[in-house]
Amino acid sequence: MHTTGVMRRLDELARFSSEPDALTRLFLSPAHKAAAQQVLAWMRESGLTAALDAAGNVVGRIEGARPGLPAVILGSHIDTVRDAGKYDGAFGVVAAIEAVSRLRAAALPFAVEVAAFGDEEGVRFPATLIGSRALAGTLDPAALDARDAEGISVREALRRFGCDPAGLPVLARRQGDVLAYVEAHIEQGPVLEAEGLPLGVVTAIAGATRCTVEVDGMAGHAGTVPMPLRRDALCAAAGMILAVERAARETEGMVATVGRIEALPGAVNVIPGTARFTLDIRSADDAVRQAGVDAITATCRRIAAERHVELRMCHTYAEAAAPCAGPLVAALEAAVARAGIRPRQLPSGAGHDGLAMAALCPVGMLFVRCRGGISHHPAEAIGEADAEIAVRVLADFLQNLDPGALAA
């Protein structure tokens with residue numbers, strides 16, 4: 001298969017959706033099952049021994065110069081956000097299958113596996129990276145009790161999917177059996193396009209802290225309560241949100257986002273008594289991120305005190321940054337250079353399965369330019385020529401990777 005086939009396969013995967021007019025493929029849904037079966041077939045066609053595992057991942061393997069050698073795992077995820085683009089995650093899976101297919105006659109000094117993880121986006125359940133955490137041996141059994149909007153638990157959804165949750169502990173890999181995890185992924189940002197480069201090499205995957213914030217003031221009549229006597233929860237929240245933006249603008253290497261806000265009781269003629277919003281803070285440097293979290297928390301508390309409102313901040317997610325391994329960064333840069341491209345290092349502000357796999361093995365990432373930096377949107381797009389270069393670089397990377405450099 002050549003790269004036109006890669007693009008065709010991405011088009012085919014995009015047809016597996018729970019919505020007729022949009023791409024939505026949630027973890028353990030019928031659309032995910034159909035996509036997993038298709039990926040399984042492609043892996044087997046390309047010479048990999050492949051199966052669906054207990055976590056809903058599709059994992060294929062091709063042996064190296066002799067059976068049983070430690071493996072380099074390539075891959076990404078095949079779940080999507082709602083109304084998604086067709087390249088986020090899926091490109092890394094299809095490109096990995098194609099790169100391995102081109103090398104299956106080579107006697108590499110390691111095995112190669114391709115993993116199509118099922119839960120990177122974390123849209124259906126209030127848990128994420130279930131598949132990659134299972135392989136890394138860090139899956140919290142409590143994650144199986146998480147429930148979706150219909151009250152279905154992860155455990156039950158796995159059973160409906162055809163998986164046995166009792167088999168999850170067996171998926172954990174031993175560190176000596178895995179040399180590295182490497183993922184090709186669209187950039188989801190505008191840097192490579194702005195610099196005219198098709199590829200970039202990732203230095204670190206940003207860590208993230210998320211929390212929900214609730215501000216309680218006092219509801220009242222919009223016409224009868226004088227301004228100096230108000231305890232307006234929404235106005236207090238607005239001050240906090242602007243402080244979040246200001247802190248991120250003033251902190252190098254950190255971004256912060258308020259993605260959702262709600263005011264109650266939500267009537268045009270009532271002073272909001274309660275306001276709720278979400279907070280997402282990210283940095284590739286954990287010290288920078290934690291300092292930002294602390295500073296934002298202190299500022300929100302000060303605003304709450306000044307405005308005589310109550311403040312509750314509940315942390316819902318925290319994931320440390322995952323620095324990419326130096327030898328993998330160097331090996332990917334060398335492969336990019338051999339393709340005639342100026343190597344460009346950049347961090348990933350988005351989370352990836354590498355965050356989980358870093359607990360098991362060294363991780364590396366190759367970014368592919370995406371049009372307009374758009375992702376998580378139907379307009380997400382990559383060029384066929386860039387896809388071809390990415391596959392060639394992945395194959396070249398595998399051919400020239402020295403496993404001894406990773407063990408050093």
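The values are calculated or read from the model by the stated rules, or taken from the named source; none is laboratory data. Predicted model, so just to flag it, every value in this text is computed and none were measured. Cβ sites come from the backbone with ideal geometry, for glycine too, and all protein chains shown count toward neighbours.
Scan region 196-203 and give yes if some residue there is more than 30 Å from residue 126 (Cβ to Cβ), more than 21 Å from the chain's Cα centre (by Cα) and modelled with pLDDT of 95 or more, otherwise no.
Yes, region 196-203 has at least one match.
Output the residue which, of all residues in region 203-249 that are of a type in the set (Asp, Glu) and either in the same structural domain as residue 362 (by TED's automatic domain parsing) or outside any helix (DSSP H, G or I) (or both), is farthest from residue 323 (Cα to Cα).
First, pick out the residues of region 203-249 that are of a type in the set (Asp, Glu): 214, 216, 232, 245.
When the remaining residues are screened for being either in the same structural domain as residue 362 (by TED's automatic domain parsing) or outside any helix (DSSP H, G or I) (or both), the result is 214, 216, 232.
Values: 214: 33, 216: 39, 232: 43 Å.
The qualifying residue farthest from residue 323 (Cα to Cα) is 232.
Does residue 355 meet the test of being in the same structural domain as residue 174 (by TED's automatic domain parsing) and closer than 30 Å to residue 211 by Cα?
Working: in the same structural domain as residue 174 (by TED's automatic domain parsing): yes; closer than 30 Å to residue 211 by Cα: yes.
Yes: the conditions hold for residue 355.
Which ones in region 324-350 are in contact with a Leu (Cβ under 8 Å, 6 or more places away or on another chain), within 15 Å of residue 363 (Cα to Cα) and buried (at least 23 other Cβ atoms within 10 Å of the Cβ)?
Selection gives 328, 331, 332.
If only one of 94, 114, 154 is surrounded by 19 or more Cβ atoms within 10 Å (Cβ to Cβ), touching a Lys or Arg at 6+ places or on another chain (Cβ under 6 Å) and among the aliphatic types (A, V, I, L, M), which one is it? I'd like the intermediate steps shown before the answer.
Details: 114 fails: touching a Lys or Arg at 6+ places or on another chain (Cβ under 6 Å); 154 fails: touching a Lys or Arg at 6+ places or on another chain (Cβ under 6 Å).
Being surrounded by 19 or more Cβ atoms within 10 Å (Cβ to Cβ), touching a Lys or Arg at 6+ places or on another chain (Cβ under 6 Å) and among the aliphatic types (A, V, I, L, M) holds for just one of 94, 114, 154, which is 94.
For region 254-294, name all the residues that are small (Gly, Ala, Ser), buried (at least 16 other Cβ atoms within 10 Å of the Cβ) and either assigned to a helix (DSSP H, G or I) or at pLDDT below 95 (or both).
In the first step, residues of region 254-294 are kept if they are small (Gly, Ala, Ser); the result is 256, 259, 263, 266-267, 273, 275, 283-284, 287, 291-292.
Imposing the further condition that a residue be buried (at least 16 other Cβ atoms within 10 Å of the Cβ) reduces the set to 256, 263, 273, 275, 283-284, 292.
Residues satisfying the conditions are 284, 292.
Which numbered condition in (1) at pLDDT 95 or above; (2) surrounded by fewer than 24 Cβ atoms within 10 Å (Cβ to Cβ); (3) farther than 22 Å from residue 375 by Cα is the only one that residue 105 fails?
It fails just one condition, (1).
Regarding residue 123, is this residue in a strand (DSSP E or B) and in contact with an Asp or Glu (Cβ under 9 Å, 6 or more places away or on another chain)? Steps first, answer last, please.
On the way: in a strand (DSSP E or B): no; in contact with an Asp or Glu (Cβ under 9 Å, 6 or more places away or on another chain): yes.
No.
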